[in-house]
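The values are calculated or read from the model by the stated rules, or taken from the named source; none is laboratory data. Everything numeric here is computed off the predicted structure, so don't read it as measured data. Cβ sites come from the backbone with ideal geometry, for glycine too, and all protein chains shown count toward neighbours. The accessibility values were calculated without ligands, DNA or RNA, using every heavy atom of the protein model including side chains. Shrake-Rupley method; radii C 1.70, N 1.55, O 1.52, S 1.80 Å.
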Amino acid sequence: MSELPGDLLYTNDHEWLRRESDGSVTVGITEHAATALGDLVYVELPELGQDVDAGGEMAVVESVKAASDVYAPVTGSVSAVNDVLADEPERINADPYGDGWIVRLSVDDIDEGELMTPDAYQQLLDDLDD
Amino acid sequence: MGSKTPLYDKHVEAGARIVDFGGWDMPLHYGSQKEEHHAVRRDAGVFDVSHMTVVDLSGARVSEFLQYLVANDVARLEGHGRALYTCMLNPDGGVIDDLIIYFVGDEDYRLVVNAATRDKDLAWIGRQAEPFDVGVVERAELAMIAVQGPRARELAAPCVAMEHRDAALALKPFNGLFAGDWFVARTGYTGEDGWEIMLPAADAPGVWDRLLAAGVVPCGLGARDTLRLEAAMNLYGSDMDESISPLEAGLGWTVAWEPAERDFIGRAALETQRNDAQRRRFVGLLLEDKGVLRNHMKVVVAGVGDGEITSGGFSPTIGRSIALARVPAGNYDRARVEVRGKLLDVRIVKTPFVRNGEIRIDV
């Protein structure tokens, strides 16, 4: 598996988060999560403007094999969704940190205490392999 | 650590994601389940099904025994090599397992039963066989390779010993033959043409390598499941079990009612259920909207009652979600399925959904 992007933060549940210049955050699932799920065939996206709580369900990704919840890594409200995923969910497999982003959130402030640095997340993945 | 087939190292070599399946370490996929699925529909794929249990039965009364043991009638097998799909029932008519029976000689049959039910199947068959003095021998030393798809036989033929090749290629659907110590059958679990080959374990890795070198795509259990679902082939443990009769699992066609005097295990229970107007239907469902139907989701039929999805998933060929479901008796062709708290529209369709590379339902 390729190296983790160094400019992102990560969660225990295998989501990633990127701080954008406008103060919003973009959220997706990690390559590890996408690979574990297998070929994605459906993504259920939240409504624009929907409020989400850190750790709460925000979207659902479904692969040929299973459905999996995507949790909000931080509290905020949905400011954009990646509509392309409705017809091309496989983009998450192909480019989990880029074209395969899922949701953008407007946030007031970010509690980084609950989030993981790339090094910490890499450690989590290494521990899973053991 | 689970049991390993003779092809385990080959799976690891091919990059398989290995999962536990009924105590066996088996490949789920080798990268993309969808691509493996499409390879079988469009060209050729190969599955390691060595975990399946092969059992040879022999004895002067073996035909009589099988006429008692299973719901289909081996008397329907008109010649050596013919195969029969059937269920083995308990006295209540519940399905102990589904199996394929090959008629290999006047006093010899070969059975292929499921891996997860191996222990109970062998115990049941052994117990029932005693009064008939039928020999029951498990052939655990055999590997089993399924090569499936429109080009499967063509690409696999060079693996078969020269002196048996033409005969193997001449096999009609649902027939098999011995090719030396191999058994080659034109059967499968995908809805495509192809062969299932039972062969000595030592031969399997070489055959695997030759198939891959010929361009046959290695396929895991994931693709095997979506392919069989599209073909509307039942999966034991999901679509039926010991509490479900073949009549409520879409397998009425595998029950031989004639001759009426043939007394197979479970017959009396089936006779009662056969005339029950409240007997549940077993149907195919097509999800009208986006989303994915999954096993155990509730099917709601307005004004009639509730049923349950027994096998649900995404159909890579159709690009929509499909399912098999057990639903209440009644004359209706629409229902709704509860998906995470929402009711989504489904249409009841005639199965199979897909066969021989073609979509067989209106989408």
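When the accessible area of each residue in segment B:287-314 is compared between its chain alone and the complete protein assembly (1.4 Å probe; ligands, DNA and RNA ignored), which residues differ by at least 50 Å², being lower in the assembly?
Buried-area filter returns B:Lys290, B:Arg294, B:Phe314.
How charged is the neighbourhood of B:Ser243? Take every other residue with its Cβ under 13 Å from the Cβ of B:Ser243, and add Lys/Arg as +1 and Asp/Glu as -1. Intermediate results must be reported in sequence, preceding the final value.
On the way: positive: B:Arg280, B:Arg326; negative: B:Asp92, B:Asp239, B:Asp241, B:Glu242, B:Glu248, B:Glu308.
Once all neighbours under 13 Å are counted, the net charge is -4.
By its C-alpha gyration tensor, with a ≥ b ≥ c as the square roots of the eigenvalues, how is chain B shaped: rounded for a/c under 1.5, else prolate for a/b larger than b/c, else oblate?
Oblate, since a/c reaches 1.5 and b/c is not below a/b.
With the solvent-accessible surface defined on protein heavy atoms using a 1.4 Å probe, which residues belonging to segment A:40-81 display a reduction of at least 30 Å² in accessible area in the multichain context relative to the isolated chain?
Output list: A:Val41, A:Tyr42, A:Glu44, A:Glu62, A:Val64, A:Lys65.
Computed on protein heavy atoms with a 1.4 Å probe, what is the summed buried accessible area for the chain pair B and A, in Å² to the nearest 100?
Values: alone 15570 and 6970 Å², together 21150 Å².
Result for this pair: about 1400 Å² buried.
Which of the aspartates and glutamates could be linked to B:Lys172 by a straight reach, that is with a Cα gap under 15 Å, when you skip same-chain ones fewer than 8 residues away?
B:Glu78, B:Glu154, B:Glu192, B:Asp193, B:Glu196
Picking from A:Val78, A:Val64, A:Val41, which is most flexible by a Gaussian network model of chain A using Cα springs under 10 Å?
A:Val64
State to the nearest 20 debye the size of the charge dipole of segment B:198-300 about its Cα centre, where the only charges are +1 on K and R beta carbons and -1 on D and E beta carbons.
Magnitude of the dipole: close to 280 debye.
GNM, chain B, Cα, under 10 Å: largest mean-square fluctuation among B:Gly313, B:Gly45, B:Gly215?
Comparing B:Gly313, B:Gly45, B:Gly215 in the GNM, the peak value goes to B:Gly215.
What would the Debye formula give as log10 I(q)/I(0) at q = 0.08, 0.09, 0.14 Å⁻¹ for the alpha-carbon point model of the protein assembly as shown, no solvent?
So the normalised log intensities are -0.56, -0.70, -1.37.
For segment B:280-359, rounded, prolate or oblate, judged on the Cα gyration tensor with a ≥ b ≥ c (square roots of eigenvalues), a/c < 1.5 rounded, else prolate if a/b > b/c?
oblate
Percent of accessible area on chain A owned by carbon and sulfur, 1.4 Å probe? The partial results should precede the final answer.
Details: 2570 of 6300 Å².
About 41 percent, which is the carbon plus sulfur part of the accessible surface.
Consider just the alpha-carbon atoms of segment A:1-123 and return their Rg together with their Dmax, both in angstrom.
Rg then Dmax for segment A:1-123, in Å: 13.2, 37.
Report, to the nearest whole %, how much of the accessible area of segment B:88-183 belongs to carbon and sulfur atoms, 1.4 Å probe, protein only.
The nonpolar share, carbon plus sulfur, comes to 53 percent.
With springs connecting C-alpha atoms under 10 Å apart, model chain A as a Gaussian network and identify which of A:Thr30, A:Thr75, A:Thr117 has the largest mean-square fluctuation.
A:Thr117
Please work out the Cα center distance from segment B:1-28 to segment A:75-89, rounded to the nearest Å.
Centre-to-centre distance over Cα atoms comes out at 37 Å.
Between B:Ser243 and B:Arg210, what length comes free when the chain is fully extended (0.36 nm per residue of separation minus the Cα-Cα distance, one decimal in nm)? Kindly include the intermediate steps, with their values, before the conclusion.
Details: separation 33, 0.36 × 33 = 11.88 nm, distance 4.32 nm.
Length gained between B:Ser243 and B:Arg210: 7.6 nm.
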